[in-house]
1. Ranked highest first by the average count of other Cβ atoms within 10 Å around their residues, in what order do 88-98, 42-52, 3-13 fall?
2. What's the extension gain from residue 55 to residue 39 if we count 0.36 nm per residue and subtract their Cα-Cα distance?
3. Would you mind getting the accessible area per residue of the stretch 25-67, heavy atoms of the protein chains only, 1.4 Å probe, in Å²?
4. Quick one: 3J(HN,Hα) in Hz for the stretch 36-43, Karplus 6.51/-1.76/1.60 with θ = phi - 60°, rounded, Gly and Pro as x.
5. Give me the one-decimal nm value for the distance between modelled label points at residue 12 and residue 93, 7 Å along each residue's Cα-to-Cβ direction.
Amino acid sequence: MGSRYQQELWNIFTYYNLQAGGKEPGLMKNSQFQKLCKDCQVTDISSLTAADLTVAFTTQAKRAVKGAVPAIKRRALGSKALTYTDFLELLKEIAPRVYRELAH
């Protein structure tokens, strides 16, 4: 069961990366994450603002696991992009704020 959801999340992740003209389907920038959140109406159905999402994104990017992306690319991106694993961690972080009724 979990692999179906993993595949769907991967499809979403790469879709937004490629839609923005990204040359790296395995890396998501904040603008792509913001577009995903806008399309999913995250700010409409929760108390999160675009600024809150940017802070959460940047915080997760700074926490990113070293070595997941080649060192040269990671230095060039700084804290500006998330890998798929980072993206999943970010979703886990914001989910309780979006779906408060499920946070118990």
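The values are calculated or read from the model by the stated rules, or taken from the named source; none is laboratory data. Remember, predicted model here, so these are calculated numbers, not experimental data. Cβ sites come from the backbone with ideal geometry, for glycine too, and all protein chains shown count toward neighbours. Each accessible area value is taken on the protein alone, full model and side chains, heavy atoms only, with ligands, DNA and RNA left out. Shrake-Rupley method; radii C 1.70, N 1.55, O 1.52, S 1.80 Å.
1. Working: 88-98: 15.4, 42-52: 13.6, 3-13: 12.1.
The densest-packed peptide leads the list: 88-98, 42-52, 3-13.
2. This chain segment gains 3.9 nm when fully extended.
3. On the way: 2400 Å² over 43 residues.
Here the residues of the stretch 25-67 average 56 Å² of exposed surface.
4. Once rounded to whole Hz, the list reads 4, 5, 5, 4, 8, 6, 4, 6.
5. 1.7 nm
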